[in-house]
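*Asks:* This is the structure I want to talk about, given as structure tokens.
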Amino acid sequence: MKQNQLELDREVLESIATLLRAFGDSTRLALLQELRSGEKSVMELVELIGGSQSNISKQLRLLFEAGLTKREKRANQVFYNIGESELVETICQGVCDKLNRDATSRRKQSFAI
């Protein structure tokens, strides 16, 4: 292992896997995308994304448990916002960059044939 790399114990690796699993669902990604523009209530998110209120709430709970969102209850509504905006932006940018590289590579290969 390189000198500047950390060796992580199993517990930390499990925490990382749990966090990354939070990005593994298109509804959760859509929720994060909507929350990038600012705080929204559960009902606003249901209207924007579609689906049932119970499913949207479940996905928001999973994002909250992963530490990616913050929530605040006001009267009879719950509002969410991104809690780790730098992390969300970094991961989203990294994934987008990879997809763009893959698409560019595929285009180059199709022209070479």
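Coordinate-derived values only; no laboratory data. Small disclaimer: the values here were computed from a predicted structure and weren't measured. Every residue, glycine as well, gets a Cβ built from its backbone with ideal geometry; the counts of neighbours run over all protein chains shown.
*Asks:* If the cut-off is 16 Å between C-alpha atoms, which aspartates and glutamates fall inside it for LYS98, apart from same-chain ones fewer than 8 positions away?
*Replies:* Within reach: GLU89.
*Asks:* Residues of segment 66-101 with backbone nitrogen within less than 19 Å of a virtual label 7 Å along the Cα-to-Cβ line of SER52, please, listed as ranges.
*Replies:* none
*Asks:* If you don't mind, there's one more thing I want to ask. Sequence-distant or interchain residues sharing an amide H contact under 5 Å with THR69, placed H: which?
*Replies:* Counting only residues 5 or more places away or on other chains, the set is PHE64, GLY83.
*Asks:* Picking from VAL12, CYS92, PHE79, whose Cα lies most toward the positive end of the charge dipole for the chain (charges on Cβ: Lys, Arg +1; Asp, Glu -1)?
*Replies:* Of the candidates, CYS92 comes out farthest on the positive side.
*Asks:* Which values, in whole Å and largest first, are the semi-axes of the equivalent ellipsoid of the chain obtained as the square root of 5 times each eigenvalue of the Cα gyration tensor?
*Replies:* The three semi-axes for the chain are 31, 22, 12 Å.
*Asks:* Let me ask you something else. Just order 37-47, 62-72 by mean Cβ neighbour count inside 10 Å, highest at the front, would you?
*Replies:* Top of the packing list down: 62-72, 37-47.
*Asks:* On a 0 to 90° scale, report how tilted helix 85-112 is relative to the longest principal axis of the chain, with both axes built from alpha carbons and the result rounded to the nearest 10.
*Replies:* So the inclination is approximately 40 degrees.
*Asks:* What is the dipole size for the chain, taken about its Cα centre, with +1 at each Lys and Arg Cβ and -1 at each Asp and Glu Cβ, in debye to the nearest 20?
*Replies:* Result for the chain is approximately 360 debye, rounded to the nearest 20.
*Asks:* What are the lysines whose alpha-carbon lies under 20 Å from the alpha-carbon of LYS40, with same-chain residues fewer than 8 places away excluded?
*Replies:* Cross-link targets: LYS58, LYS70, LYS73.
*Asks:* Then there's this: Compute the relative contact order of the chain as a whole-number percentage, counting only Cα pairs closer than 8 Å that sit 6 or more residues apart in sequence.
*Replies:* 22
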